[in-house]
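Just so you know, all these numbers are worked out from the coordinates, no wet-lab data involved. What you are looking at is a predicted structure, and each value in this text was computed from that prediction instead of being measured. So basically every Cβ, Gly included, is an ideal-geometry build from the backbone, and we count neighbours across all protein chains shown.
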Amino acid sequence: MKTALITGSAARIGAEIVKTLHSNNFKVIIHCNQSQVKAQMLKDELNSLRENSAQIIIGDLNNIEAINSINEEVTSLDLLVNNASVFYPNSVESSSIDDWDNILNINLRAPFFLSQGLSKKLAKNSGSIINIIDIHADRPLKKHAIYNISKAGLKMLTQTLAKELAPKVRVNGVSPGSILWPQENAQLSDAEKSSMLGKIVLKRQGSPKDIADAVLFLAMANYITGQIINVDGGRTLNQ
Ligand SMILES: NC(=O)c1ccc[n+]([C@@H]2O[C@H](COP(=O)([O-])OP(=O)(O)OC[C@H]3O[C@@H](n4cnc5c(N)ncnc54)[C@H](OP(=O)(O)O)[C@@H]3O)[C@@H](O)[C@H]2O)c1
């Protein structure tokens, strides 16, 4: 049975990736930081379906020591999904050095050092890495400067790792369009939401399952590396 580590996977898109991989016979390692209660519930649900098929790893991805601990704690791995991220408005005028460090550390530094730390274990199993990027890696979302930069970096990291870790480890990306509206401090106005929806060719938001299915496809696609799939309902056609 293959093992997958999915970062930031107690809720929302990450949890759907966990469930989809689990129902396709993966053992799953649910990583979380603050959402520990939700992670426990998800783990219990999956272990009740199949014994010892889900475990939890806790760690703040803003902290390099926590990343090193995760890398040590994982003994064998077939798939790393870098899904955890932070998203909140950060215009060029208002952004602080703390915003820069926080967003870049979680969205870009963590995927780099998790990939570095786990690459030998992945190579041993001819495994793969899938980074969850964003269609705004290519064209910027207004007032989200540091977020855009972090995701553009993650796209280049995907392509760089695909070269560097070949031939043993494949590295790909999934770039979601609009899937779930952001929470709390990143909420969008009704006008911003309808402007986003108006640009989607398929005229609706995607679902977490759409992202999870693309992850599953790439996890199984043994001759694909260095590719990024936009799962955006055609939104990039109108960007
Ligand atoms: N939602 C969309 O429509 C959309 C669109 C484009 C791209 N994406 C990308 O798709 C992925 C999933 O999206 P989402 O909306 O489901 O994400 P999300 O809910 O905003 O965040 C996912 C998880 O990231 C974790 N995280 C944040 N800071 C962390 C930290 N310091 N240490 C460890 N974990 C941390 C959180 O875990 P805890 O709660 O456990 O702290 C959170 O549950 C992200 O990479 C996002 O950029 C999403």
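Looking at the range 38-100, which trypsin sites (Lys or Arg not before Pro) are in a loop (DSSP not H, G, I, E or B) and have at most 15 other Cβ atoms within 10 Å?
Arg50
From the helices alone, meaning DSSP H stretches of at least four residues, give me the mean residue ellipticity at 222 nm for the chain, per-run term -39500 (n - 2.57), in deg cm²/dmol to the nearest 500.
That calculation yields -13500 deg cm²/dmol at 222 nm.
Mind checking the dipole of the chain: about its Cα centre, +1 per Lys or Arg Cβ, -1 per Asp or Glu Cβ, Debye to the nearest 20?
Details: 25 positive and 22 negative charges, 164 e Å.
The dipole magnitude comes to about 780 debye.
Rounded, prolate or oblate for the range 34-95? Axes are the square roots of the Cα gyration tensor eigenvalues, ordered a ≥ b ≥ c, and the cut-off for rounded is a/c under 1.5.
On the way: a/c = 2.72, a/b = 1.74, b/c = 1.56.
Cα axes put the range 34-95 in the prolate bin.
Taking 8 Å as the Cα distance limit and 6 or more residues as the minimum spacing, I'd like the relative contact order of the chain as a percentage. Walk me through the numbers before you get to the answer.
On the way: 453 pairs, mean separation 45.8, N = 239.
Reported relative contact order: 19 percent.
For the range 111-239, calculate the relative contact order in percent as a whole number, restricting contacts to Cα pairs under 8 Å that are 6 or more residues apart.
The normalised contact order for the range 111-239 reaches 30 percent.
Size of the dipole of the range 49-144 about the Cα centre, Lys and Arg at +1 and Asp and Glu at -1 on the beta carbon, nothing else charged, in debye to 20?
Details: 8 positive and 12 negative charges, 79 e Å.
So the magnitude is around 380 debye.
Taking the Cβ of each residue in Asp98, Asp213 as the centre, tally the other Cβ atoms inside 10 Å and list the residues starting with the fewest.
Listing Asp98, Asp213 from fewest to most nearby Cβ atoms yields Asp98, Asp213.
Could you derive backbone 3J(HN,Hα) for the range 87-97 from the dihedral phi with the Karplus parameters 6.51, -1.76 and 1.60 (θ = phi - 60°), listing whole Hz in sequence and x where the residue is Gly or Pro?
9, 7, x, 8, 6, 4, 5, 9, 6, 9, 5
Using per-residue counts of other Cβ atoms within 10 Å, averaged over each peptide, order 200-207, 125-132 from highest down.
Order by mean packing, descending: 125-132, 200-207.
Express in whole angstrom the spacing between the alpha-carbon centres of the range 68-88 and the range 184-239.
Taking the Cα centre of the range 184-239 as reference, the centre of the range 68-88 is 22 Å away.
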